[in-house]
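Have a look at the structure below, then the notes.
Laboratory data are not the source of any read-out in this text; all were calculated from the coordinates shown. Since the model is a prediction, treat every value here as computed from it, not as a measurement. Using ideal geometry, Cβ is built from the backbone for each residue, glycine included, and neighbour counts are taken over all protein chains shown.
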Amino acid sequence: MPTKNILKTFNEQLNKEIYSAYLYLAMDAYFDSLNLEGFAYWLKAQARKIVETLKIVKDNPPALIMPVHKLGERKPALKAG
């Protein structure tokens with residue numbers, strides 16, 4: 001079972017990923033203002049990649065990132081039919 005320290009560390013990493021996406025978008029805007037479209041495109045693609053990864057984690061949370069108060073709880077089984 002994950003400890004609170006593991007959850008804290010994982011949360012810190014997610015926050016760093018979000019910060020990186022914002023940083024890429026800021027640099028994208030800067031290079032776009034200089035008409036350096038290739039740099040801007042690459043930076044926006046990097047931000048998009050981070051956001052898509054975060055969406056996957058959000059939509060499919062592994063047991064590691066379940067809220068501490070939910071650890072050990074079981075989800076009800078789906079009914080067939």
(request) Give me the net charge of Ala29's neighbourhood, meaning all other residues with Cβ under 14 Å from the Cβ of Ala29; Lys, Arg count +1, Asp, Glu -1. (result) -2
(message) Could you give the length gained by full extension between Asn5 and Tyr30, i.e. 0.36 nm per residue of separation minus their alpha carbon distance, to one decimal place?
(response) 5.3 nm
(request) Within the set of other residues whose C-beta is less than 13 Å from the C-beta of Gly38, count the net charge using Lys and Arg as +1 and Asp and Glu as -1. (result) -2
(message) Less than 12 Å Cβ to Cβ from Val51, Lys/Arg counted +1 and Asp/Glu -1: what total charge do the surrounding residues give?
(response) +3
(request) With a cut-off of 14 Å, note down the residues of segment 1-21 whose backbone N falls inside the zone around a label point 7 Å from the Cα of Lys58 toward its beta carbon. (result) 14-15, 17-19, 21
